[in-house]
1. Could we say that A:Val117 is over 20 Å from A:Met1 (Cα atoms) and in contact with a helix residue (DSSP H, G or I) (Cβ under 6 Å, 6 or more places away or on another chain) here?
2. Here are some residues: B:Leu216, B:Leu160. Which one is under 16 Å from the mean Cα position of the chain (by Cα), modelled with pLDDT of 75 or more and within 26 Å of B:Tyr287 (Cα to Cα)?
3. Would a scan of region A:99-109 turn up a residue that is among the acidic types (Asp, Glu), surrounded by fewer than 23 Cβ atoms within 10 Å (Cβ to Cβ), closer than 16 Å to B:Ala236 by Cβ and over 17 Å from the mean Cα position of the chain (by Cα)?
4. Only residues that are at pLDDT 85 or above and either of a type in the set (Phe, Trp, Tyr) or touching a strand residue (DSSP E or B) at 6+ places or on another chain (Cβ under 6 Å) (or both): list them for region B:83-131, please.
5. In region A:1-104, which helices (runs of 4 or more DSSP H) lie fully inside it and hold 3 or more residues that are within 14 Å of chain B (Cβ to nearest Cβ), over 24 Å from A:Asn137 (Cβ atoms) and at pLDDT 85 or above?
6. Can you give me the number of residues within region A:203-222 that are crowded, with 16+ Cβ neighbours inside 10 Å and of a type in the set (S, T, N, Q)?
7. Just give me the residues in region B:7-48 being in contact (Cβ under 8 Å) with a residue 24 or more places away in the chain, under 23 Å from the mean Cα position of the chain (by Cα) and assigned to a helix (DSSP H, G or I), in sequence order.
Amino acid sequence: MALIGPNGAGKTTLIRGISGILDCIKGSITYEGVDLLKLAPIDRARILAVVPQSRALGGAFTVEQTVMMGRTAHMNWLGKPGEGDEEIVWASLEKTNTTGLADRRIAELSGGEQQRVLLARALAQDTPLLLLDEPTNHLDLKHRSTILSLVAKLAKENNLAVLMAIHDLNLVSIYSERVVLLVDGKVKALGKSEDVLTTELISDAYQTQIKVISHPDYRVPIILPDQELD
Amino acid sequence: MTIVKKTLSPLWVNLSLLLLAIVLNVAVGAVFIPPGTLLKIFANEVFAGELLVDWPAHFETIIMSIRLPHAVLMLITGSALAASGAAYQGLFRNPLADPYLIGVASGAGLGAVAALSIQWPQDLAGYYYIPIAAFIGAVITVVVVYNLAKVGKMVPLTTLILAGVAVGAFTSALTSFLMLRSNEQILRAISFLLGGSPMAGWNPVLAALPYVVIGLGILSFSGHALNLLQFGEDQAKQLGLSVEKAKAFIIIVASLTTAVAVAFSGVIGFIGLIVPHIIRMVWGPDYRKLIPLSILAGGSALLIADLIARWVLAPQALPVGIVTALAGAPFFLWILRRAKSEVFW
């Protein structure tokens, strides 16, 4: 499921709220009858993993050490990894195609590589829910489609529920099953991408003229700016 | 095999260095005692006089009641300062955090002097309570400095050092004021804080040991939490750390160990800065290794500094704080220059 909306609509705030970082949230976020906001961080981290937007933190750690930190909620209080933890870490590195980077320091990696490592760390958490905050920011064309098709594939294979804040509406259209449109902190529309990505809804939400055409191969909506050129 | 290589060798390197530093520190002084004789005297103590005594009797007195307690005090002081320095650096995500530079040591000094200046009992029981007074001073200081230095959720380098210097100057001024108002006898008891020359005999060692052992034990187990905090508080929480609890806990324990070091050895700067830095450069940023290795290396570093302090102008002994500052201040400037581009951090 993709979370879209203009700048300042509250996408990142919603993600942070769900992940339990903001404590001023009203209401509840339930998963299988459990209110995630009422759980201790360690219990929440077994249900919900987050791929954050901020990067370049913890740059001195190696990729392997970083991904191992995804196992925090499954380790004992000493933070000593067991056999199973090692296995899951290497499987996550494998899935995100970062095995070759295992001994490199985070700070030495490119933006795309860092993004894949953060995804690997979230996968290592081995949770049924996955949140991503604009994972395609700063990525080039190739890395955008790589990371999104990877997430889509993992979601299908591992039966993950994924919520992803994202700006590129055409990527949303290609890769996501359902879309939430957020405007001024409120849900404006929610549904299949062809129902939400309409000329009317998108023009109105983003306050700009657009045109929706159909993708020649996939038959999904493609959004183009439609402004008069002077 | 790589795991053995990675975890065993730094431990052995630092343990050997520490043993060497202890032997050197105890051997050198007004009377030089050859390390061989030294080891025999130690062995004799352990096996309760089973060895043939072929050394002058006063060697034993010099070692057992003067040099060894002094060396042990230096050892635990260095360990405490290095470990709490490493913990503060991890907590503030700032390579320049050091108990001395961020004013915590001065705060602890103020606490100790304030306690001593109100007619503190000069017996062993009195000794045991000095760290508590120093601890209160240290915790108040670290909370004040942290809140002054915080900009949003970050603790930038510049504000941390500025706040530390300002609060440190303030508490030092209060300390001087209290000392000027005290009588001669108390003045003698607390003059160690200015020069950083430690108290003598086994009493301060016995008094400091329980606090230091508990403090360092807990800090050694905080490695994983500190690792997570290097990714920022938000990510640490998302990965499953109770951030607020962990921070409060680590601040309290690091301040406790700093306070004990200051209460018995005076304000000694830069050990908490240099030692974790060198360890990090050689063996990487993992706090689960960094803290235990800093404990060992901090002990070695202060023992060597103390050796130099007693040797340079022998028979007169320099305050050890002068040696650590002479070595540490240039190191500080070097870190400051490279802090922006640092990959180790």
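The values are calculated or read from the model by the stated rules, or taken from the named source; none is laboratory data. No experiment lies behind these values; they were computed from the predicted model shown. Using ideal geometry, Cβ is built from the backbone for each residue, glycine included, and neighbour counts are taken over all protein chains shown.
1. The answer is yes for A:Val117.
2. Going through B:Leu216, B:Leu160 in turn, just one is under 16 Å from the mean Cα position of the chain (by Cα), modelled with pLDDT of 75 or more and within 26 Å of B:Tyr287 (Cα to Cα): B:Leu216.
3. no
4. Correct list: B:Tyr88 only.
5. Working: elements: A:11-18, A:41-44, A:63-68, A:83-95.
It comes to A:41-44, A:63-68, A:83-95.
6. Of the residues in region A:203-222, 1 are crowded, with 16+ Cβ neighbours inside 10 Å and of a type in the set (S, T, N, Q).
7. Listed by number, the residues that qualify are B:Pro10, B:Leu11, B:Asn14, B:Leu15, B:Leu17, B:Leu18, B:Leu20, B:Ala21, B:Ile22, B:Leu24, B:Asn25, B:Val26.
One line per residue, one yes/no per condition, for (1) over 25 Å from B:Phe264 (Cα atoms); (2) touching a Phe, Trp or Tyr at 6+ places or on another chain (Cβ under 9 Å):
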residue	(1), (2)
B:Gly29	no, yes
B:Phe32	yes, no
B:Leu39	yes, no
B:Asp54	yes, no
B:Ile66	no, no
B:Leu73	no, yes
B:Ala80	no, yes
